[in-house]
1. Would you tally the residues in region 292-305 being charged (D, E, K, R) and assigned to a loop (DSSP other than H, G, I, E, B)?
2. Does region 716-727 contain at least one residue that is more than 38 Å from the chain's Cα centre (by Cα) and in contact (Cβ under 8 Å) with a residue 24 or more places away in the chain?
3. Mind checking which residues of region 668-697 are assigned to a loop (DSSP other than H, G, I, E, B) and crowded, with 18+ Cβ neighbours inside 10 Å?
4. Please report, ordered by residue number, the strands (runs of 3 or more DSSP E) entirely within region 449-547 with at least 1 residues that are surrounded by 20 or more Cβ atoms within 10 Å (Cβ to Cβ) and modelled with pLDDT under 90.
5. Looking for whichever is in the same structural domain as residue 708 (by TED's automatic domain parsing), closer than 21 Å to residue 267 by Cα and touching a residue at least 60 places away in the same chain (Cβ under 8 Å) here; the options are 680, 666, 690. Which one fits?
6. Return the pair list, or none, for Cβ contacts closer than 6 Å from residues in region 635-651 that are in a helix (DSSP H, G or I) to residues that are charged (D, E, K, R), at least 6 apart or on different chains.
7. Would you confirm whether or not region 642-651 contains a residue that is among the hydrophobic types (A, V, I, L, M, F, W, C) and surrounded by fewer than 21 Cβ atoms within 10 Å (Cβ to Cβ)?
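The values are calculated or read from the model by the stated rules, or taken from the named source; none is laboratory data. Only a predicted model underlies this, so the values are computations on that prediction, with no experimental measurement involved. Quick reminder, even Gly has a Cβ in these numbers, built from the backbone with ideal geometry, and neighbours come from all protein chains shown.
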Amino acid sequence: MEETYSKPASGLSTAEAARRLAKEGPNLLPSERRYLSAILFGTLRQPAFLLLIAASFLYLALGDLHEGLVLMFMVCVTIGVTLFQEGKTEHTLQSLRDLSSPRVLVVRDGQQVRIAGRDLVAGDLMLLAEGDRVAGDAILTATRNLQVDESLLTGESWPLAKRAATPGELDNPKPGAPGGEALPFLWSGTMVVQGEASAKVVATGERSEIGKIGKSLQSMDVGQSPLQQEITRLIRLVAIAAVGFSVLVTAAAAILYGDWLQATLAGIALSMSLLPEEYAVILAVFPAIGAWRLSRAKVLTRRLSAIETLGSVSVLCTDKTGTLTQNRMTVTHAALAGTGAFTLAEMLRRSSLSLKKVAQIASLASKQQPVDPMEKAFHELARETGDVSQTSRADLLLHEYPLTSETKAMCNIWQRNSERMAAAKGAPEAIARLCKLDGDEYLAMQQDIVSLAQQGLRVLAVAEGSMQGTDLPEKMEHIGFSYLGLLGLSDPLRPEIPDAMQQCRAAHIRVIMITGDHPDTAISIAGKAGMSIDGTLTGKEIELLDDAQLRLRIKSANICARITPDQKLRIVQSLKADGEIVGMTGDGVNDAPALKAAHVGIAMGGRGTDVAREAASLVLLDDNFASIVQGIRLGRRIFANMQNAMSYILAIHVPIAGMAFLPVVLGWPLLLFPMHIAFLQLIIDPACSLAFENEPSEHDTMLQPPRSPTAPLFNRPMLLQAFLHGSAAWAMTVTSYYLASKHLPEAQARALGFSVLVLINIALIFSNLSRRRSVLHTIRSANHIPLAVSLTAAAILGFIIYIPGLGGAFGFEPLGAPEFVTVLAIGAASLMFFEATKILFARGMLRAS
């Protein structure tokens, strides 16, 4: 069947598209976005807030209006802080969903522009190619070799051929149901697996077929990682134990002392002190804001669980073109059949007519509206050598034999007056096979290839064929071709790559280049990038190796050349079998299995297909290897800050729980009531979710080996340090409160004991922000959130103690100057103790037995 593909029409105007977008709404399917009401409802269901609300109503029911209203105000403030944190997290996630939604190439104002899928409107003219996901229901206006996978809607696993619509169908489109061969309709969510087309959009969003079904393809996968599942189980178990223990303590205290009100309030305070709800905050906030930080480093996170794994990557498998290089192709050398390899300037002096012939055929063998930089370079070469006949070619193109992993070449059939000719380009070995080269001619070609490849050039061969008759051969191999020559394309190395490679070496991350280029080209670029060039493995060699042999060879091979996509998958599987944590880059449809198999699949955002992006965990927005390295640095920072925050929470809960429990057991006046716990939460929550998250990475982050993904969140030294700090904080608080109770009225003693606990809490924050930097260094750093939280907490504490109305609600009386100085001294002493023990742990002088 003769294919139809005409020059795309002008499409909609920008103004008309904006008008339709405002009328129809964005091209979005039902999303999983949580709105403010859902966040509020979820917040109020948390045990800590339920306990606070219960305590407030208990005060009000018993006539303590002042205390009840103050506690209710504290509840509102706490909920407000939580809503701000979760709202910021949800806003970040929604921004990432918008970034990760498919991009679509459309014609606006007669120009091809790539827009976000959400901005597509009915009437837009989409331009589709292999690997694109269809963003809206549409009717085809032109096609070439188009096949579409509609299994998402039909369940049929084989691709379906498509045709262009007739004029009558265009005027009155009736899509019907998905499925069936030779239909002129496309449906949103389906995938182009072969060919190219233009199509007019007829339905978007919930009006599309997939929208009617109610499925969302654009929503981000926010499923829990193993770490999140482990922490969630821990929170659930601790919560159950905390509530049960508090009930027992409440009953025992009421029976022993006969005061059910005080016993109930003490039980509520104890429950609140034991509930580790901050862990849930950390697990929600850190990955979400971390993903936002990664997006600013040009790395889009499609699966939040990948952030945990990113810092553990031990092997990075990267392609060459566009990732290590700038993907700005320029033809700089040529080797015509029988003449040897020369620069373009030398070639023009020697034989401009011969070079013009090769340039013309290379241009004819390329897409006439190219996206690939290599094909753009061939068109530019044809223009520079004087071929000006390209404007009329679109009407003369008869057929295209597309590039495949088997053929490694592409061919276009053109009608020239009464004759037909074939223009082919591809890998030199593929063109040699098509031209049936042997003997001296093949040997000369190989010498030219080596000469060009050793200069770091990408080498492609060009051939011309003639045809007789009107029938088109089923395969290009049935056409008789004549070899014309080679073209060498220069793609400069990105200037930041050598430094990024050095960072990888320092971080004990091995880098493997996997490319389809000639081995000599790969070796040249690897040398310029600063990679080790000792071990090279080719696709032909891999074909001869079984899995065990490949696993052994890949240990010493840092350059893999002439590799096919299915061999990428074998390489990933071999590295994983050897215990490596693998990051893999890819951009094509056939790269999807390797991206899915890798621990961290990294798709190219600029030149990558939608298939690759959907299979990957991360999307590289600028296709730059240096951005991957920056992403690994951020991944390590995120996990380290998460560890420090959880260590702080573990430490601060020890004195809070101890002071909620010990006075009840010993019959002392209670130090902590629910409102005191609520005040402490106002310090702890923003500290753990904002202050720790914003902390910069350690200076030696990229000098450490990758973290094992099976390593526990808390190792023994971390646990020992947290419990030591927590125990010391509890000991200082209980001692100061006990001595104050002997010499001060109850309300003053409570004010002193609580003030000590607040200052010790602040000291724990600054001491736990970094495991290697001193507190003075952290204060001088760019992270000002801890200082802001601390100063705000201290100011509010001062208001509460010294403003009579507030002090009475908290059971406080103002402190005198000696008591105030005592509080400051204990706070300073606690900070010095925490810093001293931190140094000892960092130097290994304190160890867990």
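1. Going residue by residue through region 292-305, those that are charged (D, E, K, R) are 293, 296, 298, 302-303.
Pick out the ones that are also assigned to a loop (DSSP other than H, G, I, E, B) and you get 298, 302.
Number satisfying all stated conditions: 2.
2. At the first step, the residues of region 716-727 found to be more than 38 Å from the chain's Cα centre (by Cα) are 727.
Next cut, in contact (Cβ under 8 Å) with a residue 24 or more places away in the chain only: 727.
Yes: region 716-727 contains one or more residues that are more than 38 Å from the chain's Cα centre (by Cα) and in contact (Cβ under 8 Å) with a residue 24 or more places away in the chain.
3. Restricting attention to region 668-697, the residues satisfying the condition of being assigned to a loop (DSSP other than H, G, I, E, B) are 668-673, 692-697.
Selection gives 670, 671, 672, 673, 692, 693, 695.
4. On the way: elements: 458-467, 480-490, 510-514, 536-538.
The qualifying strands (runs of 3 or more DSSP E) are 458-467.
5. On the way: 666 fails: touching a residue at least 60 places away in the same chain (Cβ under 8 Å); 690 fails: closer than 21 Å to residue 267 by Cα.
The match here is 680.
6. Between residues of region 635-651 that are in a helix (DSSP H, G or I) and residues that are charged (D, E, K, R), the close pairs are 641/693; 641/695; 649/278.
7. Checked region 642-651: no residue is among the hydrophobic types (A, V, I, L, M, F, W, C) and surrounded by fewer than 21 Cβ atoms within 10 Å (Cβ to Cβ).
Conditions tested, residue by residue: (1) within 21 Å of residue 648 (Cα to Cα); (2) acidic (Asp, Glu); (3) in a helix (DSSP H, G or I).
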{"site": "794", "(1), (2), (3)": "yes, no, yes"}
{"site": "799", "(1), (2), (3)": "no, no, yes"}
{"site": "809", "(1), (2), (3)": "no, no, yes"}
{"site": "814", "(1), (2), (3)": "no, no, no"}
{"site": "818", "(1), (2), (3)": "no, no, yes"}
{"site": "821", "(1), (2), (3)": "no, no, yes"}
{"site": "829", "(1), (2), (3)": "yes, no, yes"}
